[in-house]
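Below is one structure, written out as structure tokens; the observations come after it.
The values are calculated or read from the model by the stated rules, or taken from the named source; none is laboratory data. No experiment lies behind these values; they were computed from the predicted model shown. Cβ atoms come from the backbone with ideal geometry, glycine included; neighbour counts cover every protein chain shown. The accessibility values were calculated without ligands, DNA or RNA, using every heavy atom of the protein model including side chains. Shrake-Rupley method; radii C 1.70, N 1.55, O 1.52, S 1.80 Å.
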Amino acid sequence: MSGEGVKKVAVIAGDGIGPEVVESALAVLQAAGAELSLIPLEIGLCRWKRTGAALADEDLETIKECDCVLLGAITTPPDPDYQSVLLRLRKALDLYANIRPFRSCDLDFIIVRENTEGLYSGLEEVGVEESRTLRVITRRGSERIAEAACDLAASRQKLTIVHKSNVLRSDRLFLQTCREVAERRGVLYDDMLVDAAAYNLVVNPQRFDVLVTTNLFGDILSDEAAGVVGSLGLCASANVGASRALFEPIHGSAPDIAGKGIANPIGAIRSAAMMMEWLGEQETARRIEAAVQRVLANGVKTPDLGGRCGTAEVTRTVAGYLEEEGGSLSEE
Ligand code: NAD
Ligand code: IPM
Ligand code: MN
């Protein structure tokens, strides 16, 4: 990591709509007056096509020298031996907590997803007639994700532990450990089976505040939650570890709309705001979120939200509000 002074951000635009939404996020950061040193890295399908490797070991070294990473999206290459870049980064940087906030006019909840183990253990045996994936739940992994969830829940209402302990014995350890941490931290909590949680997210999402769950459940529930608040294109995430972090919208590279100029940039913009918050620039993060909310309230929306605006117009409007605000502040 770099020392004091201007923070170094590795920027992985990636594939599909990744570069489109990252360009938006960077334009908004600039309009918000963020001072950052950007290190662009070509990683993903684009790189794989050129070199046969989506991510090289040198990239990992460069990333480790930066303060954090801003990522667009990466298309999974059509290679049976492909090792996911995102999973590699999450493991190599030990980004164990995936924090995914969901907001709309009447909803505000956060999914805290364990990010390094569970069904993403990478322990797999692949055969022609039978394949296996080992689901790994550890006490340490459960403890640290429960702590991260309690850090958030402490200043909110309640924690809900989401699991499938009626079937998966590995989830008994997850549930028990999360309960112990919540008790010790004095956080109000309940728990719910993941199938019921999927249902309740649709019929009664207001009941949720902070949810903590294992890796794959968190992956699936967060796309569902994105649908509940209106679009995948609105939602951001922070992948955080003890001293490193990677920020990305929760959506993928959306090949169906790539290159059309209609991708919703808000998930990437909000990811940039989460990055500024993590970097200690809370005021910049708050101003970006306020500008996003104003843009949505004024109906400046991409087609996924039923609007008619393109990526560029939404970006220009968010940036314009921030510059306007900057202007009026400097006149005071
Ligand atoms: P996806 O998230 O890319 O798209 C799902 C649907 O949501 C599509 O209809 C898409 O058009 C829409 N959508 C997504 N983002 C949007 C946005 N910003 N604005 C408007 N609409 C948006 O999921 P997929 O199609 O299943 O995956 C495509 C590729 O992305 C796959 O190769 C997958 O492995 C990869 N992926 C990468 C990441 C990542 O890098 N973080 C995350 C998820 C999927
Ligand atoms: C996400 C994505 C990734 C995941 C994929 C692309 C490896 O879906 O960040 O939600 O499954 O974690
Ligand atoms: Mn996902």
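Measure out, as a whole number of angstrom, how far apart the alpha-carbon centroids of the stretch 257-325 and the stretch 94-138 sit. Between the Cα centre of the stretch 257-325 and that of the stretch 94-138, the gap is 27 Å.
Once fully extended, how much extra length lies between SER243 and GLU324, figured as 0.36 nm per residue of separation less the alpha-carbon to alpha-carbon distance? Please list the in-between numbers first.
Working: separation 81, 0.36 × 81 = 29.16 nm, distance 3.44 nm.
Net length gain for the segment: 25.7 nm.
Which pairs, out of LYS91/LYS301; LYS49/LYS91; LYS8/LYS91, put more than 32 Å between their alpha-carbon atoms?
Details: LYS91/LYS301 35 Å; LYS49/LYS91 24 Å; LYS8/LYS91 21 Å.
Beyond 32 Å between Cα atoms: LYS91/LYS301.
Please work out the ratio of the alpha-carbon Rg of the stretch 206-331 to 2.2 N^0.38 Å and round it to two decimals. Mind showing how you got there, number by number?
Numbers: Rg = 15.5 Å, N = 126, 2.2 N^0.38 = 13.8 Å.
Output field value: 1.12.
Taking a ≥ b ≥ c as the square roots of the Cα gyration tensor eigenvalues, the stretch 105-229 comes out oblate, since a/c reaches at least 1.5 and a/b does not exceed b/c. For the stretch 175-272, the Kirkwood hydrodynamic radius comes to 15.4 Å, computed from all pairs of different C-alpha atoms. Which parts of the stretch 205-222 would a label at THR133 reach, counting a residue when its backbone N lies under 12 Å from a point 7 Å out along Cα-to-Cβ? Answer for this model: 215-220. Here the chain is treated with +1 on each Lys and Arg Cβ and -1 on each Asp and Glu Cβ, and its dipole about the Cα centre works out to around 620 debye. For the stretch 270-332, the square roots a ≥ b ≥ c of the C-alpha gyration tensor eigenvalues yield an a/c of 1.5 or more together with a/b not exceeding b/c, which makes the shape oblate.
Quick check on the stretch 1-117: take the gyration tensor over C-alpha atoms, sort the square-rooted eigenvalues as a ≥ b ≥ c, and tell me if it's rounded (a/c under 1.5), prolate or oblate.
rounded
Counting other Cβ atoms within 10 Å, which GluC sites (Glu not before Pro) in the stretch 89-156 have at most 11 and lie in a DSSP loop? Intermediate values should be presented prior to the final figure.
Details: sites: GLU114, GLU117, GLU124, GLU125, GLU129, GLU130, GLU143, GLU147; in loops: GLU117, GLU129, GLU130.
Passing sites in the stretch 89-156 are GLU129, GLU130.
Give the percent of DSSP beta bridges with both residues in the chain that are antiparallel, rounded to the nearest 5. Could you put the intermediate results ahead of the total?
Values: 19 of 44 bridges.
Bridges in the chain are about 45 percent antiparallel.
Where both bridge residues fall in the stretch 105-229, DSSP classifies roughly 25% of the beta bridges as antiparallel.
With contacts taken as Cα pairs under 8 Å and at least 6 residues apart, the stretch 105-229 reaches a relative contact order of 37 percent.
Using only helices, what value at 222 nm comes out for the chain when you add -39,500 (n - 2.57) per DSSP H run of length 4 or more and divide by the total residues, to the nearest 500 deg cm²/dmol? Before the final figure, lay out each step's value.
Values: 11 runs with 144 residues, N = 332.
Per the formula, -14000 deg cm²/dmol.
The string of couplings for the stretch 262-267 from the Karplus curve (6.51, -1.76, 1.60, θ = phi - 60°) is 10, 5, 6, x, 5, x Hz, one whole number per residue in order, with x for Gly and Pro. What the phi angles of the stretch 54-62 give under the Karplus curve with 6.51, -1.76 and 1.60, with θ = phi - 60°, is a coupling list of 6, 9, 9, 4, 5, 4, 4, 5, 4 Hz, glycine and proline written as x. With all projection directions averaged, the alpha carbon convex hull of the chain covers 18.2 nm².
The heavy atoms of ILE99 offer some 30 square angstrom of accessible surface to a 1.4 angstrom probe. Sequence-ordered 3J(HN,Hα) estimates for the stretch 283-288 from the Karplus curve with 6.51, -1.76 and 1.60 and θ = phi - 60° stand at 5, 4, 4, 5, 5, 5 Hz, glycine and proline given as x.
So how much slack lies between GLU58 and ARG286, counting 0.36 nm per residue of separation and subtracting their Cα-Cα distance, in nm? Display every interim value, and only then the final one.
Details: separation 228, 0.36 × 228 = 82.08 nm, distance 3.47 nm.
Full-extension gain reported as 78.6 nm.
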